[in-house]
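First comes the structure, then the notes that go with it.
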Amino acid sequence: MTNKLNLTIKYIFLSLASFVSIFPFFWMVISATNKSIDVTKGKLLPGSSFMENFNNLLKPELGFVTSLGNSAKIAIITTVLALLVSSVAGYGFEIFRTKARDRVFSILLLSMMIPFSALMIPLFKFFSAIKGTPLGFMGVNTLWVVVLPSVCTAFLIFFFRQNTKAFPKEILEAARIDGLGEIGIFLKIFFPTMKTTYAAAAIITFMSAWNAYLWPLIALQSPEKKTVLLIISKLASSYSPDYGLIMMAIVITTLPTAFVFFVMQKHFVAGMTGSIK
């Protein structure tokens, strides 16, 4: 009897927790089908304005479709480059032993304590200074100005190094004896073996790049360069915001990150726990 009571209480608690977790997304989807006035009234039933909100959102003057493309480019390029650079750095810090290795790595970890708000002005001045140089394609108001600061982060390097600790070193020694070079070892042995680590890092990086707001707000100045979160912020800050339209934009913006997470969910859990297959 006691076990049944405990089980009942547990399921009730989990059901309530699930409802609290799912309700914001449910309300967001429902609101996307209603008019703005119905959203402000707190209507919790589906409406008939889904296609109206969707068509209004796709109007060229809003720039939502263009901003989706910009966010996708930034998120994908950032994820690919961050995984490449950070995994090589993490692999190198763990595999190659030097006297200065731990000191350099400690300094790298200390950089995690610096808030990004303290780096914004130096970064903006730097990218503004290179605008008129041959490197101007990476200057302010380009997509690269958002990508480059996120390519190499102390967290990802630390993450890859910690997971590399569990990598069997005997495989490396055997590969070296067989004459395989370091680049070949990394590409043919390390990369396939650490796929769960790469999957976890890819999810974290993609979500971070897709949801970036503060730095793109400062660095991207032209309307055609804006990311999707900047467009949603613009819609919400208008004199008379259309909440149904805003909710539709938020639903569409949420789909890519949700898709990436659910597709790679199993690898994400394995990668975060340091599993190697």
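The values are calculated or read from the model by the stated rules, or taken from the named source; none is laboratory data. The structure presented is a predicted model; accordingly, all values stated were derived computationally and were not measured. Cβ: placed from backbone, ideal geometry, glycine included. Neighbour counts: every protein chain shown. Side chains are part of the model used for accessible areas, which takes the heavy atoms of the whole protein and leaves out ligands, DNA and RNA. Shrake-Rupley method; radii C 1.70, N 1.55, O 1.52, S 1.80 Å.
Worth pointing out:
- Whole-angstrom gap from the stretch 219-257 to the stretch 94-120, using each part's C-alpha centre: 35 Å
- Whole-percent carbon and sulfur share, accessible surface of the chain, 1.4 Å: 71 percent
- Note on the chain: the C-alpha convex hull projects to 22.1 nm² when averaged across all orientations.
- Membrane-span-like helices in the chain (whole DSSP H runs, Cα extent of at least 27 Å along the helix axis, mean Kyte-Doolittle hydropathy of at least -1.0): 2-31, 64-95, 243-263.
- About the Cα centre, charge dipole magnitude for the stretch 62-273 (Lys/Arg +1, Asp/Glu -1 at Cβ), debye: 300 debye
- Taking Ser48, Ser18 and ordering them by how much accessible surface each has at a 1.4 Å probe, largest first, produces Ser48, Ser18.
- For the chain, the solvent-accessible area of protein heavy atoms averages 59 Å² per residue (probe radius 1.4 Å; ligands and nucleic acids excluded).
- Every Cα-Cα pair of the stretch 1-134 was included, and the share exceeding 27 Å stands at 62 percent.
- Over the chain, dividing the summed -39,500 (n - 2.57) contributions of all DSSP H runs of at least 4 residues by the number of residues returns a 222 nm mean residue ellipticity of -21000 deg cm²/dmol.
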